[in-house]
Amino acid sequence: MTWFKIDDSAHMHPKFIAAGNAALGLWLRCGAYSAQHLTEGTVPGIVAKQYGTAPQAAKLVKVGLWHEQGHDCPRCAQPAPGDYMVHDFFEAGRNSTRAQVEANRTAAAERKAKSRTRGNADRIGDESAANRKRNERGSSTNQTRNPPQFQEGSAGQEGVSHRDAAEGVTGPQANTKPYPSTSYGSRGQQASPDEPRIAEPVRPLVDAMTAAGMVVSWELAPAEWVLLQALVERCGVQILVDHAGGAWQAARTRVRSARYFLAGWRSLPTMPTRAPDSTGRAPNVVALHGSRPSTTDQRVRDGLDLAARLREQENAQ
């Protein structure tokens with residue numbers, strides 16, 4: 001943006017007083033036009049006619065605020081026939097030439113471009129530093145979350161081994177934990193003592209979800225594990241994974257817990273157990289409305305009832 005500047009004492013200048021307010025309005029508007037369009041004080045005749053009258057223009061020429069072609073002022077350029085020149089337009093550097101304005105605009109554009117480049121570089125640097133800090137925090141968290149299994153003494157020489165038989169129980173069921181200890185945690189790695197342990201019947205679902213890229217936390221309540229086992233038996237692993245994939249894509253934010261999928265899995269129909277048809281293809285999954293409830297349906301209901309009772313007990317405490 002350019003400016004048409006005047007002296008702060010011009011309101012009492014003899015030429016202004018002699019010209020009068022009407023002619024000064026024409027002088028001001030045409031001076032601003034010249035500054036905007038970089039005409040360096042030249043006022044086209046058609047602009048003067050649009051902004052004022054011929055007597056007003058003649059008054060400005062008479063008092064010496066404007067010049068017509070053929071004037072004898074040594075400081076002002078000659079206008080074209082029919083045009084006018086503002087007297088002393090560049091006096092004391094009050095107004096800028098076209099070259100000065102264009103040079104200032106070019107310099108300003110270069111400064112903005114450099115500022116944008118520096119801003120982009122700083123932003124990239126800040127993001128890289130933030131990513132490094134995030135990775136360092138994640139690495140530290142993983143080291144804290146996965147401590148060595150054996151800290152003192154010889155491995156397997158202290159405490160109860162998972163292979164030792166519990167009292168009254170022999171074989172694989174001798175484990176005193178509710179679920180097998182060799183399981184997968186929330187990140188698809190071997191779980192540490194502080195991470196959730198996954199029921200063996202549900203392990204194929206966890207492995208399939210992880211293989212499909214849906215890495216979530218499996219920290220569930222005991223009743224939810226019972227429900228999840230019943231859903232695996234009822235619908236099959238592939239049906240649950242396919243349904244979870246659709247929910248994963250539709251989620252507005254990243255899904256972090258397997259609990260997010262439970263409601264949708266419970267609404268799935270039962271996988272039919274009928275033999276393949278004459279073409280050798282297995283029948284499609286359909287809801288068996290009107291048929292007698294299956295044992296897996298009963299397990300789902302039992303799991304829901306158990307979860308409700310556990311919640312009531314927790315609330316009562």
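The values are calculated or read from the model by the stated rules, or taken from the named source; none is laboratory data. Remember, it's a predicted structure, so these values are computed and weren't measured experimentally. Please note: Cβ atoms are built from the backbone with ideal geometry, for glycine as well, and neighbour counts cover all protein chains shown. Accessible surface areas use protein heavy atoms only, side chains included; no ligands, DNA or RNA. Shrake-Rupley method; radii C 1.70, N 1.55, O 1.52, S 1.80 Å.
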Being among the polar types (S, T, N, Q) and open to solvent by 60 Å² or more (accessible area, probe 1.4 Å) is the filter here, so list the residues in the range 116-139 that pass it.
Thr117, Asn120, Asn131, Asn135
Residue pairs, Cβ under 6 Å, 6 or more apart or interchain, first in the range 243-258 and open to solvent by less than 70 Å² (accessible area, probe 1.4 Å), second among the small types (Gly, Ala, Ser) and not in a helix (DSSP H, G or I). List them.
Ser257/Ser217
Considering only the range 233-240, I want to know if a residue exists there that is modelled with pLDDT of 85 or more, open to solvent by 30 Å² or more (accessible area, probe 1.4 Å), touching a strand residue (DSSP E or B) at 6+ places or on another chain (Cβ under 9 Å) and not small (Gly, Ala, Ser).
no
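Quick check on Ser9: is it polar (S, T, N, Q) and surrounded by 12 or more Cβ atoms within 10 Å (Cβ to Cβ)? First the steps, then the outcome.
Values: polar (S, T, N, Q): yes; surrounded by 12 or more Cβ atoms within 10 Å (Cβ to Cβ): no.
The answer is no for Ser9.
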Being within 29 Å of Asn104 (Cβ to Cβ) and open to solvent by less than 80 Å² (accessible area, probe 1.4 Å) is the requirement here; does Pro44 meet it?
yes
Out of the range 78-95, which residues are open to solvent by less than 60 Å² (accessible area, probe 1.4 Å), among the hydrophobic types (A, V, I, L, M, F, W, C) and out of contact with any helix residue (DSSP H, G or I) (no Cβ under 8 Å at 6 or more places or on another chain)?
Ala80, Met85
Has the range 293-310 got any residue that is in a loop (DSSP other than H, G, I, E, B), exposed (fewer than 15 other Cβ atoms within 10 Å of the Cβ), in contact with a helix residue (DSSP H, G or I) (Cβ under 9 Å, 6 or more places away or on another chain) and at pLDDT 65 or above?
no
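Yes or no, residue by residue, for (1) outside any helix (DSSP H, G or I); (2) under 58 Å from the mean Cα position of the chain (by Cα); (3) aliphatic (A, V, I, L, M):
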site	(1), (2), (3)
Val47	no, yes, yes
Ala57	no, no, yes
Cys76	yes, no, no
Met85	yes, yes, yes
Ala92	no, yes, yes
Ala99	no, yes, yes
